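Novice: Shown below is the structure under consideration.
The values are calculated or read from the model by the stated rules, or taken from the named source; none is laboratory data. Quick caveat, the model's predicted, so the values are computed rather than measured. FYI the Cβ positions are ideal-geometry reconstructions off the backbone, even for glycines, and counts take in every protein chain you see.
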Amino acid sequence: MTIEEIKKIAKEEIAKAENLIELDQLKIKYLGRNGYLTDVLKSLKDLAIEEKRKIGSEANALRQKLEEIFNERKNALVRNIEYKPIDISIPGKKKEIGHIHPISKIQEQIEDIFSSMGFTIAEGPEIETEFYNFDALNIPANHPARDMWDTFWLKPNPKAPTQQIENQKLLLRTHTSPVQIHYMENHQLPIRMICPGKCFRYEASDASHDFQFYQFEGLMIDKDTSLANFKFVISAFFKRFFNKKDLKVRIIPSYFPFVEPGLEVDISCPRCNQKGCPLCKNTGWIEVAGAGMVHPEVFKAVGYNPKYVQGFAFGFGIERMAMIKHNIPDIRLFNSGDLRFIKQF
Amino acid sequence: MRFSYNWLKEYIVNLPKPEIVADILTRKSFEVEEIIKLENDYALNIKLSPDRFPDCSGHIGLAKEICALLNLKFKEPKIIFKEAKKKTNQLIKVKLENKTDCLRYCSRIIQNIQIKPSPKLIKERLETCGMQSINNIVDASNYVMLETGQPLHCFDYDSIAKDKTIIIRRAKNKERMETLDHKMLELTSDVLLIADSQKISAIAGIKGGVSTGISDTTKTIILESANFDPAVIRQSSKTINLITDASIRFEKGISLDLTKYAINRLAQLIQQIGEGEILGGIVDACPKKPSKKILGFNLKQFQTFAGFAIPTAEIQKIFQRLHFKILKKNKETIFIEAPAWRLDIEMFGDLAEEILRIYDYNKIPATPPQGIIIPPEKNDNVIWKRKIRKTLTSLGVNEVYNYSFVSEKDLENFYIKKNEVIPLKNPISSEYAFLRPTLIANLLKNSSSNLRFFDEVKIFEIGKTFQSAPIYPHEEWRLAGLISRKNKKDNPFLELKGILEKLFQSFGVWDVEFHNWSSDLWLIKGRAAEIKIGNESLGIIGEISPELAQKYTDEFATVIFEMDLEKIITSINEELEYEPLSKFPAVIRDISMVVNNETSVAEILNIINDTENKILRDVDLFDIYEGENLGNAKKSLSFHLIFQSETNTLTNEEVGRSLEKIISALKDKINAEIR
C-alpha cells in the first residue's frame, strides 16, 4: 500500500472501530512492528536518497497524524463506554480487623497524657512482699487501715526460708502503690512517674467490684511540689482525658495511711454535665481517684529525708475510667474474654 | 456507722437541716453515704475514716466536728449524779497482768438494780443507730458508747468469784470461753481477757462472757470503762474472728480522757432512768492522763506545702474552731496544743490537713509545677506491648484480658505439676486456686465461650505468668494467642504462623524460624513448632491435642502460640534499615515440583537460597497439592522465584542460567521432579 492508501483506509477503519480492543488491533495493523506503515519504511532501503527522504518524511508525518486520530477515537470511545452500574447500597465486603481491649486503649490514652507532662511510665511486679505492699507504705501489721485492702496471700513455699519472715510474706499486690516504693528506691529527685498495673483484692465481685482490676498510680515529688501543683496536674489530666475543657474537679478529704492529707478527687459528671443522671446518682459528681501528699514515713522507708522532699501521689481504676467514658455497666465484662464486648471498641 | 440527727441536735445550737449537715461533712470531713428518713428522726450513715474513729465515733465528738465546720456553738453536756456513802473500793479490786495491754481500767458499782426494758427514747435512739435494745442496763452502756465513743461493759457483781478481784490477763493457749450469745471460743495467748480467779468474764474490748452476764435477776452490777492497746485488740479480734461495735472502736484507739468521763456518764444515765445506788468513787487501776500534744506549725513550710498562702489570722481562727489551743506564736511559727480527743494529730501534715480542709480544698489555686523539663524515660516494655497490639489487631486478632488464675483441673489438662506453680492461700474459689503458669488455659476457655456466637475466634493476650522458684516466685510477661474455627477442614496453623511472621517482620525481624517440636504432650505431634530467632527460643506454636480440644473447645481445630515477651523484645531490633529500591525490573519465574511427602518446605528453600544468592531476591510458596494422581507419599509444590539485580536489567539468559542451576540442585539433592 502506498502512503496515500494507508492514510485513506486507516482513517475509515479507525472511524468504524467500535471498542478499545478493535482500536488496539488497528493500531498494531498500521503502526505495529509489522504494520503497514512500518512496511513502507522498511521498503525505503532500496530507494535513492532523495526518494528516501521524501517518502520518509511523509511516512513520519502520517505516523503522527494517525497517532492523533487513534487518540481522538480512543477518547471518544472511552467517553462513550457504558458501565454497568454498581448497586452502591450493597454492604461493603467484610474485612476483619482485630480490636484492642478497652483496658489497653484507656491505658494508652492515660499514658499519653501523662507522658506529655513529663511523667515516666514504670511497671512493677504483681507478686509483692508484705513489706512493699503494706509496711513501707506506712501500713504496719495490726494497723486498722489494713482492712481497707482485702488481700490474696500466696501459700508460702516451705523450701524458701525468706517467705517465712514476718513482713516478707508473699501476696498479690492490692494496689500499684508498691511501685512508688520500688521507683523511689532506684531514682533521684525530681520524680514524675506513672504506673499502670494489675491489682488483686480478695473480695466478692459484683457489677462495680472485681477481684482483679487495673489501677493507675502517679507520683510527683521534688523539693517543693505542692498541693496546688497536684490540683493543676490532676485537673489538666481529667480535662484532657474526657476531652472537656469545662470539666470541674473537686477535692474532698479521704484517708490513706501513705499520704497526709489524704484526698478524694471528684469530677463533674461528664455524662450529664451536672444536670443529674444515673451515673452520678443525681449528685453531679463522680468519685474518680484517691490521692494525697506523700506521708513522711513513706519517704523514710525509701531513705529520703522528709525535711527536704515533698510531693503528691494518686491512683485510680482503669476499668472505672472506661466505664465512665463508654457507659459500661458491669466491671466483670473486662475479664470475660467476650468478643461481643471487645469488638465494640 | 449510723448517727441520729436528733441526738446531734442536743449538743448544737441552731443545727441546720440534715442535708446541709451531710453535705458539709462529706466535703470537709468524711463521707455521709446516705440520709435515712425515719418516723421521728433522720439517721446519717457515715463512712468514718479509721483515723477519725477516736474522736468521731460518738455523737458528742461528731457534734464538735460539725460545730467546727459550720462555726456553731457546742453545748457541753453536764454530768451530775449522787453517790452512796459506801465506797466502790470496799467491794472490788482490779489487778493488771501488765500495763502495756491495758492502759487504763475504771470500775464502778451500782446496787439495787432492777433489770427491765429501757425507756422509749433510749430504745429509739439505739434503733436509729442500728443497735438492738436488750435491757435497761445493757442499753444504757451501749447508749453511752454511741454518745461518747467509749465502749463500756456491765457485768453481774454476784457472779464473780469470792475474792472479788478483777484480773486483766492474756488467755492461755486453748483456753475456752462461752460468749453472751452462747458461742464457744477457743483462745490463744493473743487474746486479752477480763477474768476473776476462777473464770473468764469477757474478751477484753470485744465481747462479754455468759458466766458473768447480766440476767433478769441481777441486783448489783459492775461498770467497766477501759482503754486497751489498739494492736492487742485488733490481733485478738482477728484471732477469734469476731468484730463488734466495741472492737472496731478499741482497735483504732480511744482518748485516755474518755475512760473516766464515760463511766461517770453511764452512772448518771442509769440513775436518770431511775435505777440503783451508785457507790462512792471509781476504782481506777492505772490512772493515766493523755500526754499533751504540742506542735509547732511553721507558716513558711505550710506555704511551700500547700503552694499558696492563707492569712495567719485565718489559720489561727481555724485552729480555734477545732479546739486547738494556741500557746504561743511568732513570725514563723504558731505553737499549738491539740485537743486530747484528736489522736490522729501527730505531725505537720496532720495540721496542714486541718487548716486546708476547713479553709476549703477547692479554694486551692491550680498551679503548674515549675522546674527543669526532662523528657520522660522510655519504657521499652510499654512501647513494644503497644506495637504488638497494633500489629496483631491489624492482622485481625482481637485482644482479650483474663483472670490470672487457673484451677487444679487446668493444671492436670496441661500436664503441669503442682510443684511448678504457685497456689493461693485464700483463693476466691477452686476455679481460681493457682496463679496461671500459662496464658493458654484461659484463652481456650475464651475460645469455647465465643464459638457459641462466632464461627471463628482469633484472640491474643499479653500478660504475666507465674512459676514457682526456689527463693522467690518467677513472674514472666508472655504473649499468647489462638485461632479456632468451626470449619475443621480449614486448619488454622499456617494462618497463625503467617500472622506471627508478619508480626516479626513489622519489627524488622526476617529470620524467625520454626522447628519441629514434640515436647508438649498437649500439642499434636507433627503439628507443633518451636519459634526461634537465631539460637533464642521464644516459644511454641501448635495445634492442641484432640483430648485438650474436647475439654475446652468442643473439638474444634485450635492452633495456639505462646511466647516469652521479654525474649521477643530483646531479640527484635527497633531500627528498621532502609533497603534501596532497585532501579532495574524484577523477573518472575514459576517453578513447580513433585517431591516426597516428608520433604519440608524449609529444606527446599534452603537448597534454592544456597544455590543462587546473587540475583534471587525472594522465593514465595504459592501452591501445595497432595492428591492420588501424584502417587503415594508425594506432594506438589509451586514457587514464585523473584530475580532482580541492583546493577543491571537481567537478561533472559542470566535468569535462565540461574534457574537451571536451581533445578539441577533440587534434582540432585531431593530428587525433585520438575514439571
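Novice: Determine, yes or no, whether A:Ile110 is under 30 Å from B:Ile499 (Cα atoms), within 46 Å of the chain's Cα centre (by Cα), of a type in the set (A, V, I, L, M, F, W, C) and in a helix (DSSP H, G or I).
Specialist: Considered against the rule, which asks whether it is under 30 Å from B:Ile499 (Cα atoms), within 46 Å of the chain's Cα centre (by Cα), of a type in the set (A, V, I, L, M, F, W, C) and in a helix (DSSP H, G or I), A:Ile110 comes out as yes.
Novice: Kindly state which strands (runs of 3 or more DSSP E) lie completely within the range B:470-568 and contain at least 3 residues that are small (Gly, Ala, Ser) and within 14 Å of chain A (Cβ to nearest Cβ).
Specialist: So the answer is B:474-485.
Novice: Just the residues that are of a type in the set (A, V, I, L, M) and more than 28 Å from the chain's Cα centre (by Cα), please, taken from the range B:378-415.
Specialist: B:Ile388, B:Leu392, B:Leu395, B:Val397
Novice: Yes or no: A:Ile88 out of contact with any Asp or Glu (no Cβ under 8 Å at 6 or more places or on another chain), at pLDDT 85 or above, assigned to a loop (DSSP other than H, G, I, E, B) and more than 14 Å from every other protein chain (Cβ to nearest Cβ)?
Specialist: Criteria met by A:Ile88.
Residue-by-condition table, conditions (1) touching a residue at least 24 places away in the same chain (Cβ under 8 Å); (2) on the phi < 0 side of the Ramachandran plot; (3) exposed (fewer than 12 other Cβ atoms within 10 Å of the Cβ); (4) of a type in the set (Asp, Glu):
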position: B:Ala586; (1), (2), (3), (4): yes, yes, no, no
position: B:Thr599; (1), (2), (3), (4): yes, yes, no, no
position: B:Glu628; (1), (2), (3), (4): no, yes, yes, yes
position: B:Thr647; (1), (2), (3), (4): yes, yes, yes, no
position: B:Ala665; (1), (2), (3), (4): yes, yes, no, no
position: B:Ala672; (1), (2), (3), (4): yes, yes, no, no
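Novice: Given the conditions (1) without any contact (Cβ under 8 Å) to a residue 24 or more places away in the chain; (2) in the same structural domain as B:Asp668 (by TED's automatic domain parsing), which single one is not true for B:Asp623?
Specialist: Among (1) without any contact (Cβ under 8 Å) to a residue 24 or more places away in the chain; (2) in the same structural domain as B:Asp668 (by TED's automatic domain parsing), B:Asp623 violates only (1).
Novice: Need the failing condition index for A:Phe314 against (1) modelled with pLDDT of 95 or more; (2) within 22 Å of B:Ser49 (Cβ to Cβ); (3) under 26 Å from the mean Cα position of the chain (by Cα); (4) within 11 Å of another protein chain (Cβ to nearest Cβ), just the number.
Specialist: Condition not satisfied by A:Phe314: (4).
Novice: What residue, among those in the range B:450-460 that are within 20 Å of B:Thr391 (Cα to Cα) and either at the interface with another protein chain (Cβ under 7 Å from one of its Cβ atoms) or buried (at least 22 other Cβ atoms within 10 Å of the Cβ) (or both), is nearest to the chain's Cα centre (by Cα)?
Specialist: Here the residue is B:Phe460.
Novice: Being part of a helix (DSSP H, G or I), assigned by TED's automatic domain parsing to the domain that holds A:Glu12 and not basic (Lys, Arg) is true for just one of A:Asn34, A:Asn75. Which residue is that?
Specialist: Of A:Asn34, A:Asn75, the one residue that is part of a helix (DSSP H, G or I), assigned by TED's automatic domain parsing to the domain that holds A:Glu12 and not basic (Lys, Arg) is A:Asn75.
Novice: Looking only at the range B:376-394, which residues are more than 7 Å from chain A (Cβ to nearest Cβ), over 30 Å from B:Ile422 (Cα atoms) and not basic (Lys, Arg)?
Specialist: Within the range B:376-394, just B:Thr391 meets the criteria.
Novice: Collect the residues in the range A:192-231 that are in contact (Cβ under 8 Å) with a residue 40 or more places away in the chain and part of a loop (DSSP other than H, G, I, E, B), keeping them in residue-number order.
Specialist: Matches in the range A:192-231: A:Arg201, A:Tyr202, A:Glu203, A:Ser205, A:Ala207, A:Ser208, A:Asp210, A:Phe211, A:Lys223, A:Asp224, A:Thr225, A:Ser226.
Novice: Return the residues of the range A:223-247 that are modelled with pLDDT of 95 or more, within 11 Å of chain B (Cβ to nearest Cβ) and more than 16 Å from A:Gly315 (Cβ to Cβ); say none if nothing qualifies.
Specialist: A:Thr225, A:Ser226, A:Leu227, A:Ala228, A:Asn229, A:Lys231, A:Phe232, A:Ser235, A:Ala236, A:Lys239 - these are the residues of the range A:223-247 that are modelled with pLDDT of 95 or more, within 11 Å of chain B (Cβ to nearest Cβ) and more than 16 Å from A:Gly315 (Cβ to Cβ).
Novice: Going through the range B:424-439 one residue at a time, which ones are in contact with a helix residue (DSSP H, G or I) (Cβ under 9 Å, 6 or more places away or on another chain) and either buried (at least 24 other Cβ atoms within 10 Å of the Cβ) or not aliphatic (A, V, I, L, M) (or both)?
Specialist: B:Ser430, B:Glu431, B:Phe434, B:Arg436, B:Pro437, B:Thr438
Novice: Still on this structure, I have one more. Do any strands (runs of 3 or more DSSP E) lying entirely in the range B:19-127 carry at least 3 residues that are farther than 27 Å from B:Asp284 by Cα, and which ones are they?
Specialist: Once the strands (runs of 3 or more DSSP E) in the range B:19-127 are filtered for at least 3 residues that are farther than 27 Å from B:Asp284 by Cα, what remains is B:31-37, B:42-47.
Novice: Among the candidates B:Phe643, B:Phe584, B:Phe561, which residue alone is closer than 30 Å to B:Ile459 by Cα and aromatic (Phe, Trp, Tyr)?
Specialist: Of B:Phe643, B:Phe584, B:Phe561, the one residue that is closer than 30 Å to B:Ile459 by Cα and aromatic (Phe, Trp, Tyr) is B:Phe561.
Novice: Could you grab me the full set of residues in the range A:149-183 that are aromatic (Phe, Trp, Tyr) and either outside any strand (DSSP E or B) or more than 27 Å from A:Gly290 (Cβ to Cβ) (or both)?
Specialist: If the condition is that a residue be aromatic (Phe, Trp, Tyr) and either outside any strand (DSSP E or B) or more than 27 Å from A:Gly290 (Cβ to Cβ) (or both), then A:Trp149, A:Phe152, A:Tyr183 are the ones that fit.
Novice: Here's a follow-up. When you go through (1) more than 7 Å from every other protein chain (Cβ to nearest Cβ); (2) touching a strand residue (DSSP E or B) at 6+ places or on another chain (Cβ under 6 Å) one by one for B:Arg357, which number turns out not to apply?
Specialist: The failed condition is (1).
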